Amino acid sequence: MPDREIDGARIHFRLLGPHQAGEPPILLIHGSTVDGDTDWAHLAPLLARHRQVVVPDCRGHGRSTDPSATYSFARLAADAAALIRALGHQRAHIVGHSNGGNVALVTLLEHPDVVATCVVQAGNAYVSADLIEREPDKFDPDRVEAEDTAWRDEMIAIHGPHHGREYWRELLRMTVAEIITQPQYTPAMLGRVDRPLLVIEGTNDTVNATSEHGRYIAQHVPDAELWRPEGVGHNVHHERPLEWVARVEDFWDRRGTAAADAIYRLGARDHGDPRTTVFDLHVVPAPGTAALAGVVLEEKQHRAALDAVRGATLEDRVTVLIDRAGWALVTRGVTDVLAAPQDRAERLTQALIGESVRTLDAREGWTRVRLERDGYVGWARRAALGTGPGAAVRGFVSSARLRVTSDFAEGRHRAGGTLLGRLPFGSRLPRVDEADDWLCLGLPDGGGWWVDRASVEGMPEAGQSERDADELLGRFRRFVGVPYLWGGRTPYGFDCSGLTQAFWEMLGRVIPRDADQQFVAGIAVEGAARAGDLRFFHARGGSEGDTAITHVGIALDEHRMLHASGASGLTTINSLRPGDPDFSQDLLARSCGVRRFGE
């Protein structure tokens, strides 16, 4: 096991895995009062399958000396940077846990030139009040001697053979003195970081999670990623080792080179909303020429990606989906649009019969589509689509001037004949025939269904009046009691934004699909809400001005609103005025604005 002399100390370390010219190694920094093997011996061999791994004992820990008897995150970070250079590397993937996470963070900010990527687990960027209050007693040698002999014995076993049996007491004193004073990084300091960062913090970490130290770091470092595994404490790498390895290696694969990180940042900054676009690019390493591979929706994304990696030698293997996209009409009354091509994937939204889509990609009975109505992207069952020439599909949509206004229009093979199926509220189809109280609606497959004339009406013109909105709300009240359905937009079940989108579409305006998108697209309302305005709400636990919009409802008047409520499981009416029978304190606390579409 080799050593290196660094600034008066002999730093001991282990080397594992193959050295690959030009490839940064992994540097694993252990937490307080232990050594490299104690924290990392179980994971280092797994990480060393594809990369070289360096596992040092920090100065004054394990086999590493510390003649000056100093302990500071800044000193240990300088040692880490010097060790990387001493081993002949320009940069390394820095990984640190607990106090080692603080050392990794300090290395990132003070020695960025040696950092390829950084993983900070259970670290903190500033000293919160709870640390000052709690840590001195926790690290008090007399308390440990009396109450935590297992910890004492561990420290004696690790450090005693090299530093003396009673050294553990001095180590605790030095450690706590640093913990309650350092580090002290402001948001502005964190905002200057330009290296890829992954922050890991277990939700049950009593040291860090209570003050949300991990979230603080990730919020202020540009393009940082945050992983907060549920039900896990301080030692994520011990509690979930295989998941930890998979997460961290995926981070390195996606962001471990300058080109890969440039693609990630481009996607996150400009193309990161999978609801309305596709940007799935990655850099594929190769012994010869690496490649930029994957799929994007539009050519402008392809060009932007090539610009982002300009200067890197990469083979271009990017597929632009819209260049080869076909056209189709939805042939079922309603079909789910899912996040992935599998039955149990999340329902994103729904498409109604007669709506047009671009067919982007296909996979085992599924088609990735873009809904032309609102630009939403997801996966639909291939059997629910009827493909055809673009001109024919567009012609069908433009001729669809009747829409279903009843909950469901019953389709029959002739006027008053046998029931064939139901067309849901909001469906738009063309008129192909009529007889007395019956209309025949054309179907995407070329057939036709006869429906009661009273169940449909003609399409409105855009820009309806306030009186029209108020009248329509009277009709929408009938949906009170309809079940809440995530992604739903019919009387089979609505979600909150599906209901508001359906409302405004009935007024002749297609607004974006989701609550946060609707919030951005609408016109801010100063003063009292009026009938038809949309009220928005942030997530539970959010704050005033929080942009994490998660809920929306339709204003009935200044105080009351109609909304599809996931909390109650149905479409309901609530008031934001205290004292009203249907007043909701939760909604009032989360209210964050009113938006209007048109006048």
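Read the figures in this text as sums done on the coordinates, not as results from a lab. As the structure is a computational prediction, the values presented were derived from the model and not from experiment. Positions of Cβ are generated from backbone atoms using ideal geometry, with glycine treated the same way; all protein chains shown enter the neighbour counts.
What to note about this one:
- Annotation for the range 33-63: trypsin sites (Lys or Arg not before Pro) lying in DSSP loop with at most 15 further Cβ atoms inside 10 Å of their Cβ are 49.
- Helix 496-506 and the long axis of the chain differ in direction by around 30°, with both axes built from C-alpha atoms.
- The range 449-525-the range 77-130 distance, computed between alpha-carbon centres (Å): 53
- Distance between the C-alpha centres of the range 1-27 and the range 391-428: 71 Å, rounded to the whole angstrom.
- Within the range 261-320, antiparallel bridges make up roughly 45 percent of the DSSP beta bridges whose residues both belong there.
- Whole-Hz ³J(HN,Hα) from phi, Karplus 6.51 cos²θ - 1.76 cosθ + 1.60, for the range 430-438, glycine and proline x: x, 8, 10, 6, 7, 7, 6, 8, 10
- With the charge dipole of the chain set up from +1 on Lys and Arg Cβ and -1 on Asp and Glu Cβ about the Cα centre, the Cα lying farthest toward the positive end among the listed residues 449, 42, 525 is that of 449.
- Relative contact order %, the range 261-320, counting alpha carbon pairs below 8 Å whose residues are six or more apart: 34
- In order along the range 587-597, the Karplus-derived 3J(HN,Hα) couplings, from 6.51 cos²θ - 1.76 cosθ + 1.60 at θ = phi - 60°, round to 5, 4, 5, 9, 5, 9, x, 10, 10, 10, 10 Hz, and Gly and Pro are given as x.
- For the range 296-326, the list of trypsin sites (Lys or Arg not before Pro) that fall in a loop by DSSP and count at most 14 other C-beta atoms within 10 angstrom reads 310.
- Take every pair of alpha-carbon atoms less than 8 Å apart whose residues are at least six positions apart; their mean separation over the length of the chain yields a relative contact order of 7 percent.
- DSSP bridge pairs, the chain: antiparallel proportion in percent, nearest 5: 75
- Once the Cα atoms are used to define both axes, helix 99-110 deviates from the longest principal axis of the chain by about 80 degrees.
- Projecting the Cα atoms of 122, 219, 68 onto the dipole axis of the chain, where Lys and Arg carry +1 and Asp and Glu carry -1 at the beta carbon, places 219 farthest toward the positive end.
- Where Rh is the Kirkwood radius over Cα pairs, Rg/Rh for the range 261-320: 0.95
- The residues packed around residue 575, meaning those with a beta-carbon under 13 Å from its beta-carbon, carry a net charge of -2 if Lys and Arg are +1 and Asp and Glu are -1.
- Loop-located chymotrypsin sites (Phe, Trp or Tyr not before Pro) in the range 436-521 whose Cβ has at most 16 other Cβ within 10 Å (DSSP): 486
- Seen from residue 330, the other residues with C-beta closer than 13 Å to its C-beta sum to a net charge of +4, counting Lys and Arg as +1 and Asp and Glu as -1.
- Size of electric dipole in the chain: Cβ of Lys, Arg +1 and of Asp, Glu -1, about Cα centre, debye, nearest 20: 1780
- Karplus-derived HN-Hα couplings along the range 341-346 (A = 6.51, B = -1.76, C = 1.60, θ = phi - 60°), whole Hz, x at Gly and Pro: x, 7, 4, 8, 5, 4
- Between amide H atoms placed 1.01 Å from N, distances below 5 Å from residue 361 occur with 368, all of them 5 or more places distant or on a separate chain.
- Helix 73-86 axis, angle to the chain major axis (alpha carbon atoms, nearest 10°): 80
- Taken about its Cα centre, the range 466-596 carries a charge dipole of about 260 debye when Lys and Arg each add +1 at the Cβ and Asp and Glu each add -1 at the Cβ.
- In the set (i) 184; (ii) 209; (iii) 223, the label that goes with volume of the Cα convex hull per residue in Å³ computed for this structure is (i).
- Residues with amide H under 5 Å from that of residue 593, placed H, sequence gap 5 or more: 536
- Each Lys and Arg contributes +1 and each Asp and Glu -1, all at the Cβ; summed about the Cα centre of the range 400-458, the dipole is approximately 180 debye.
- Each peptide among 255-263, 452-460, 409-417 gets the average number of other Cβ atoms lying within 10 Å of its residues, and from highest to lowest they stand as 255-263, 409-417, 452-460.
- Within the chain, helix-based [θ] at 222 nm, where runs of 4 or more DSSP H residues each add -39,500 (n - 2.57), nearest 500: -8500 deg cm²/dmol
- Computed over the range 400-458: relative contact order in percent, which uses C-alpha pairs under 8 Å that are six or more apart: 40
- Between residue 116 and 92, 93, 94, the built amide H atoms are under 5 Å apart, and every one of these is 5 or more places off in sequence or on another chain.
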